[in-house]
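This report concerns only the one structure given below.
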Amino acid sequence: MGFLSTIMGFCGFGVGISTGLVVGYYLFIYFQPTDVKDPVIRPLVEIDTESLQKLLPEIPLWVKNPDYDRVDWLNKFLEYMWPYLDKAICKTAKNIAKPIIAEQIPKYKIESVEFETLTLGSLPPTLQGMKVYITDENELIMEPYLKWAANPNITVLVKAFGLRATVQVVDLQIFAAPRITLKPLVPSFPCFAKIFVSLMEKPHVDFGLKLLGADLMSIPGLYRVVQDIIKDQVASMYLWPKTLEVQILDPTKAMKRPVGILHVKVLRAVKLRKKDLLGASDPYVKFKLTESKLPSKKTTVKHKNLNPEWNEDFTMVIKDPESQALELSVYDWEQIGKHEKMGMNVIPVKELTPDEPKVMTLTLLKNMDPNDVQNDKERGQIMVELTYKPFKDEDLPKDFQESGTVQKAPEGTPPGGGVLVVIVHEAQDVEGKHHTNPYVRIIFRGEERKTKHIKKNRDPRWEEEFLFTLDEPPVNDRIHVEVWSTSSRIGLLHPKESLGFVDISLSDVVSNKRINEKFHLIDSRNGRIQIELQWREAS
């Protein structure tokens, strides 16, 4: 009887299960609930703050703030470069921490604090967005927002009172908003000379500390104290306007800034060759510095004289004494036709002893080719007195952090006078009716300077510097700056046209020492030009 009951029980269970599955499937397929409503889809702007935070617990900055750009490509770059950046950052961190530790440990009677291991782990930081500032200065400013949950391996060994203790940092989290400034921008790779880093707000730093296997941060009250100490220490060193400065290139060499003045006194020439068929030659001296865009300088013409005396003084700005040289050429002046070259020679600046006048007698050559047999012909000699005066350390620009810093005028500038520096940076939206090959023409007190020509460009960039040595401050003067375009084709129709001009008063330049502005060009629809003006007074 018991066996039969068991068999019937199994059969009833199987039939009941089968029947329940069939009925459930039938009800699921053929009977739909009637109280189901379609979901309501609303724009994000119509959702209240609390509901939005539940839907999106962490909204990137590039979503909330239109000033921030999305930088997924940079996060991908950090991911691939992180193993190498980890080593570079750890090395820099050690160099920064050493003097700080050395200064602090005597206060607490600690013998030493050393890093046993220092690695930031395998997880790179993530940039939630980046804001880029555009200024008229020679710099690039970026403000990324950084979030980093790291798995570092940082072990610090502390020795005090004959005891050793090992402290390990775990579970590091950092939220920070740094400002990164690259300046000055230079024409040498990587195209910036220094990096300045500062924090725009106190960073959030969270981590655990293990001592002998125990988590110190779990001690009541210790976590808050450590947090406040770290925030205050970091803020005291790097909270804006304080910065961390990292030099990449030597700014003086990268920018080719003036490092000295070359005083040239053209004395005389002797035994020059006769060039004119009727009478003697009419010599004058023309000279310039190699690797310089400034125009050549000339002496006066001595008519009908093969042994002329000039005794004329000139000054020239030196930017690289190791590579620059003074190139002297003597010409025979002609009233009609091309002036004929009588001879030349070159003097490397590095051969001159600083601050010592040197009188040199140079044999005139046809060219500087030592294998040219025509250099053996007698062409005469020229005598010059040269003095190279390098700027003193205090006269050189030490720091490009303060872009408004203006140098003093070089030694030899007339007392009470100075040097007017005109830097032509760039122009925007300049357009000619027939061609757009712009260059800038500067006219000041009868002197004219020109930049190089740039072909077919409405937004040209020159970055050229011009100097005017003056006997007195140009308080009541104006400087005329005009953008011109010349045709690249040979022809008489529309060879040259003006793209706009501006007259700039120099009274503000003298009082403020420096201005750097974009000026709207007169007679131009939308054209603008960025000009930097500096007034360097004689010391």
*Just grab the label-to-label distance for Ile195 and Phe77, each label 7 Å out from Cα along the Cβ direction, in nm (one decimal).*
1.1 nm
_Net dipole in debye of the stretch 91-235 [+1 Lys, Arg Cβ; -1 Asp, Glu Cβ; about Cα centre; nearest 20]_ = 280 debye
*Average projection area in nm² (convex hull over Cα atoms of the stretch 275-347, one quarter of hull surface)*: 5.5 nm²
*Ile110/Lys242 FRET efficiency (R0 41 Å; Cβ-Cβ; nearest 0.05)*: 0.95
*Provide the gained length on full extension for the span Lys37 to Glu322, in nm with one decimal, where the gain is 0.36 nm per separating residue minus the Cα-Cα distance.*
94.3 nm
_Whether the stretch 44-197 is rounded, prolate or oblate, judged on the alpha carbon gyration tensor where a/c under 1.5 counts as rounded_ = oblate
_Counted charge near Leu470, where neighbours are those whose Cβ lies closer than 11 Å (Asp, Glu -1; Lys, Arg +1)_ = -3
_Under Karplus coefficients 6.51, -1.76 and 1.60, residue-wise ³J(HN,Hα) of the stretch 168-177 in Hz, glycine/proline x_ = 10, 9, 10, 6, 7, 10, 9, 10, 8, 10
*Which order do the peptides 201-208, 479-486 take when ranked by the mean count of other beta-carbon atoms within 10 Å per residue, highest first?*
479-486, 201-208
*Which percent of the accessible area of the stretch 418-497 is formed by carbon and sulfur heavy atoms (probe 1.4 angstrom)?*
46 percent
*Please give the FRET efficiency for Asp232 paired with Asp429, using the beta carbon to beta carbon distance and R0 = 60 Å, rounded to the nearest 0.05.*
0.75
*asked:* Once R0 is set to 22 Å, what does the formula 1/(1 + (r/R0)^6) return for the Cβ-Cβ distance between Glu463 and Arg525, expressed as a FRET efficiency to the nearest 0.05?
replied: 0.35
*Ignoring everything but the protein chains, give the 1.4 Å probe accessible area of Tyr84 in square angstrom, nearest 10.*
150 Å²
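The values are calculated or read from the model by the stated rules, or taken from the named source; none is laboratory data. These numbers were taken from a predicted model, which means no experiment stands behind them. Here the Cβ is made from the backbone with ideal geometry for all residues, glycine too, and neighbour counts use every protein chain on show. Accessible surface areas use protein heavy atoms only, side chains included; no ligands, DNA or RNA. Shrake-Rupley method; radii C 1.70, N 1.55, O 1.52, S 1.80 Å.
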